[in-house]
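Only one structure is covered here, and it is reproduced in the block below.
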Amino acid sequence: MGDFTYLLISGLSLGSLYALMALGLVIVYGILRLVNFAYGEYIMVAGYTLFLLSPSPLPWLVMAVVAAVMAAVMSYLTERIAFRPVREKSLTAMLITSFAVSTLLQNAALLFVSPRARVVPTPGIFSETVIIAGNVTPVREILAIVVSVALLIGFSILLRKTILGIALRAAADKFTMTRMLGVPANLVISAAFVISGLLAGIVAIFWLGRTGSVTPGIGLTPLLVAFVSTVIGGMRSLSGAVVGGYVLAFVTIIFNNLLPGDLYEFREAFIFTIVILILLFRPEGLVRGRG
């Protein structure tokens, strides 16, 4: 029972972060059919914001909010400055632009901050633990679950009960038709990028809480996780992104904890084997999108 509880909490904690990252990626893909490869750098921006604010007397919670907002602002600026001018040209142009933005942001961090890891401040509660079913569980994992579930519920309400949310869902299903009905395209796309960046910024708080430091290349792993999760769940489904995030997290946790020691170094090969098997039977993803 104790081992099961440990795996469940670990899977839910990691899955919650994976689900938010996948959701942030797919909300943009659903509208523009663009896999934003600069998405991981929004987590880097949040991390360096925390690092730069660390000498200040501000409470940690205020710094965390500022970091998340900065990630959202950076996401908006990349859409406004980099993606919008090439949006009408071709999908390839936007894809190349996303790589260029990713490289630019990483090199800016290397040039203006440091290529070495920098320690980011974390609250004392992130270091605390509780006993659940006989297992020592970090409080940060419980917080990650609670915050992520609250965000997912709030995002669901936003999509279903607000004009902006209805416009986002309509654009994700049939963007051309949505524009023909008079919905301002630039507003919808900018809102999608802001939400995407905000989700990345919130994930960054807990992601950095696990590592305790930020580097210029920290966004690569979250980007890969988000991309694989959306492929598993369904690239055109917002709910599929969430499902894919939890599925990938539980598969990862199970292999990390149950593989024998001599096979542990091959865990990523086993994980991606499971992913390939899922896609063989459900190439469109676990949740079929309507777009």
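The values are calculated or read from the model by the stated rules, or taken from the named source; none is laboratory data. Since we're looking at a predicted model, the values are computed, not measured. Positions of Cβ are backbone-derived with ideal geometry, glycine not excepted, and every protein chain shown enters the neighbour counts.
Exactly one residue out of VAL183, VAL149 is assigned to a helix (DSSP H, G or I) and over 19 Å from VAL35 (Cα atoms), and it is VAL149.
In the list THR129, THR97, THR122, THR92, which residue meets the criterion of being without any contact (Cβ under 8 Å) to a residue 60 or more places away in the chain, within 21 Å of GLY212 (Cα to Cα) and not acidic (Asp, Glu)?
THR129
In the set PRO57, PRO115, only one residue is in contact (Cβ under 8 Å) with a residue 40 or more places away in the chain, assigned to a loop (DSSP other than H, G, I, E, B) and farther than 27 Å from VAL130 by Cα; that residue is PRO115.
Yes or no, residue by residue, for (1) buried (at least 17 other Cβ atoms within 10 Å of the Cβ); (2) farther than 24 Å from GLY165 by Cβ; (3) free of Cβ contacts under 8 Å to residues at least 12 places away in the same chain; (4) over 15 Å from the mean Cα position of the chain (by Cα):
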residue: VAL203; (1), (2), (3), (4): yes, no, no, no
residue: TRP207; (1), (2), (3), (4): yes, yes, no, no
residue: GLY212; (1), (2), (3), (4): no, yes, no, yes
residue: PRO216; (1), (2), (3), (4): yes, yes, no, yes
residue: VAL231; (1), (2), (3), (4): yes, yes, no, no
residue: ILE254; (1), (2), (3), (4): yes, yes, no, yes
residue: GLY261; (1), (2), (3), (4): no, yes, yes, yes
residue: LEU277; (1), (2), (3), (4): no, yes, yes, yes
residue: PHE281; (1), (2), (3), (4): no, yes, yes, yes
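Restricting attention to segment 80-109 and to residues that are under 20 Å from the mean Cα position of the chain (by Cα) and of a type outside the set (A, V, I, L, M, F, W, C), the residue that is nearest to ASN36 (Cα to Cα) turns out to be SER98.
Total residues in segment 16-46 satisfying the condition of being in contact with a Phe, Trp or Tyr (Cβ under 8 Å, 6 or more places away or on another chain) and either free of Cβ contacts under 8 Å to residues at least 24 places away in the same chain or more than 20 Å from ARG236 (Cα to Cα) (or both): the figure is 1.
Taking into account only those residues within segment 269-291 that are modelled with pLDDT of 80 or more and not hydrophobic (A, V, I, L, M, F, W, C), which is farthest from GLY24 (Cα to Cα)? It comes out as THR273.
Look at segment 137-162: where a residue is hydroxyl-bearing (Ser, Thr, Tyr) and a partner is in a strand (DSSP E or B) and surrounded by fewer than 19 Cβ atoms within 10 Å (Cβ to Cβ), sitting 6+ places away or on another chain with Cβ atoms under 7 Å, you get THR137/THR129; THR137/VAL130. If you go through segment 62-69 one residue at a time, do you hit one that is surrounded by 24 or more Cβ atoms within 10 Å (Cβ to Cβ) and in a loop (DSSP other than H, G, I, E, B)? No: zero hits. Taking helices (runs of 4 or more DSSP H) as the structural unit, those lying wholly within segment 203-291 and holding at least 1 residues that are closer than 25 Å to MET70 by Cα and among the hydroxyl-bearing types (Ser, Thr, Tyr) correspond to 220-233.
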